[in-house]
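Q: Let me begin by handing over the structure; questions about it come next.
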């Protein structure tokens, strides 16, 4: 945040797990796409298309077996160093033995940020996700929606240049999802961070993203790249915009074909 | 609200108090009360039957023996010596066992090596090591420390490994994402995850340490509760035998209750 952001380029990126004792598994076929700095890109596609794998490669937790991942200066295309990244997880992954504020301050503590600054930043992040007053609760004392807001605060407090959202609302009920989607849309709009959102929800992708990358099922490739021109700030009211409906239909059309194909080929291989 | 029938003032009246019933529902009252009752019956039976105190001393005689032994007989020293032997070896086992467990959990090679040693040594009754340890270490402090250590270390190592293996891999990923290095992951994620399991290992280990130290004292000790117990038995001081047994039982109660208290405070470590 505040720093000149870098673009992330996936160039023919692919990953095949080849264990010695079993047949190789293609986790990601060949994907080329670009994540623009300061913008939200949604990756949407059928299960098994490798969108979470792509996210893990971008994060640096998985190494691609094909192609290249590059970080480049948007102005002149020069190579840049890996930007600071934080992830929000579908399963929340909060530390159950730490309180809300200790969870949020965990990364700052690891980085050796002095206590006063750590507390100040943690409390600010907790306030940003409307959890003030719950600092000393333990995760098990919170609802699913509140837990994921802690997860969001824990990622945002690190002031990442790139925010990775791995199906962040996948484990939540529909109503909680709606509220959190609006909240996340607002946070992302104000922070100006680069974000990559992996999701199954077309609605979520349209509400949050500037660009939607639709991926195909096995082999995982990019089927379409769609810019979302709807005005911001977006909220539930946006879903009644005719532009929203048109986009929704277009993405649904692409995905339906892909899901059908995935079901057929998945059934054949299984 | 207007449709709500007026609530009769029956609900406002407190249910009739039943003090006798609630007293008998209190587990503390039941627990201690039954012990007192058993002692009274014992006292009565021993007194009325006229059985020799050599076989069955009365509780009142045992209490007198206990007070005498504490007052002038050096039982305090014996208790302190035994506690020191138990907890010195146990503390060493806790530190080394936890570290070893973490190492085994995070290193494939260490695990392969340690698996064989644990499989060979864990089921071995540790009392069978007493003769060998005496040959190597004599019967002094190092021997007692080793025997207590050996009693506690296996359950602690095994439970640490078990606890770490049950750690949610998502938590390790989350910690890596927040910038944790390998050592920080061990200390800040794997170790806390394993704490309930490590504690279960400590419970088991401490029990074995107590048994082994008292048994070793009975065999070779000149001081300590076990030595005192054995000696009293040899000279048919039955009151003293009972007195030492009471001290050992009291030690057991204190240790168990302390562990229960720690267990209760571990609730934050449990995921949902």
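Readers should treat all values here as calculations from the given coordinates under stated rules, not as data from a laboratory. Since we're looking at a predicted model, the values are computed, not measured. Neighbour counts run over all protein chains shown; Cβ positions are idealised from the backbone, glycine included.
Q: May I ask you to derive the relative contact order of chain A, considering only C-alpha pairs under 8 Å and at least 6 residues apart, and to give it as an integer percent?
A: Relative contact order here is 25 percent.
Q: For a test of the definition: using alpha carbon positions, the gyration tensor, and the 1.5 limit on a/c, classify chain B as rounded, prolate or oblate.
A: oblate
Q: Something else about it: Distance in nm between label sites at residue A:232 and residue B:26, each 7 Å beyond Cα in the beta-carbon direction?
A: Each label point is offset 7 Å from its Cα along the Cβ direction, giving 6.5 nm.
Q: So what is the relative contact order for segment A:91-159, in percent, with contacts set as C-alpha pairs under 8 Å and at least six apart?
A: Working: 83 pairs, mean separation 33.3, N = 69.
Value for segment A:91-159: 48 percent.
Q: Right, here's the next one. Compute the long axis of helix A:242-269 from its Cα atoms, compare it with the longest principal axis of the Cα atoms of chain A, and write down the angle in degrees, 0 to 90, nearest 10.
A: Long axis of A:242-269 versus the principal axis of chain A: about 60 degrees.
Q: Let me ask something else about it. Based on alpha-carbon centroids, what's the gap between segment A:172-219 and segment B:71-103 in Å, whole number please?
A: One Cα centre to the other: 57 Å.
Q: Between B:111, B:203, B:228, which gets the highest mean-square fluctuation from a Gaussian network model of chain B, Cα cutoff 10 Å?
A: Of the options given, B:111 has the highest mean-square fluctuation.
Q: Next question. Round to a whole angstrom and tell me the spacing of the C-alpha centers of segment B:122-160 and segment A:3-39.
A: 54 Å
Q: On to the next question. Sort A:97, B:84, B:32 so the one with the fewest other Cβ atoms within 10 Å of its own Cβ comes first.
A: B:32, B:84, A:97
Q: Quick check: Cα centre of segment B:185-260 to Cα centre of segment A:89-114, how many Å?
A: 39 Å
Q: Shifting gears a bit: So for chain B, averaging the separation of alpha carbon pairs under 8 Å that are six or more residues apart and normalising by length, what relative contact order in percent results?
A: This gives 23 percent for chain B.
Q: Just want the ordering: A:200, A:123, from fewest to most Cβ atoms lying within 10 Å of their own Cβ.
A: Ascending Cβ contact count within 10 Å gives the list A:200, A:123.
Q: Principal axes first, then extents: for the Cα atoms of chain A, list largest minus smallest coordinate on each axis, whole Å, largest first.
A: 55, 47, 43
Q: Rounded to the nearest 10 degrees, what's the angle between the helix A:115-128 long axis and the longest principal axis of chain A, both from Cα atoms, 0 to 90?
A: 60 degrees
Q: By counting other Cβ atoms within 10 Å of each Cβ, how are A:86, A:52 ranked from fewest to most? Intermediate results must be reported in sequence, preceding the final value.
A: Values: A:86 25, A:52 18.
By the 10 Å Cβ count, ascending: A:52, A:86.
Q: Give me the inter-chain shielding for B:170-183: mean count of other chain Cβ atoms within 10 Å, whole number please.
A: 6
Q: Using a basic spin-label model with each label point 7 Å from the Cα along Cα→Cβ, how many nm lie between residue A:65 and residue A:241?
A: Modelled inter-label distance: 4.2 nm.
Q: Now for a different question. Given the DSSP H assignment, sum -39500 (n - 2.57) over each helix run of at least 4 residues in chain A and divide by its residue total; what's the result at 222 nm in deg cm²/dmol, nearest 500?
A: That calculation yields -12000 deg cm²/dmol at 222 nm.
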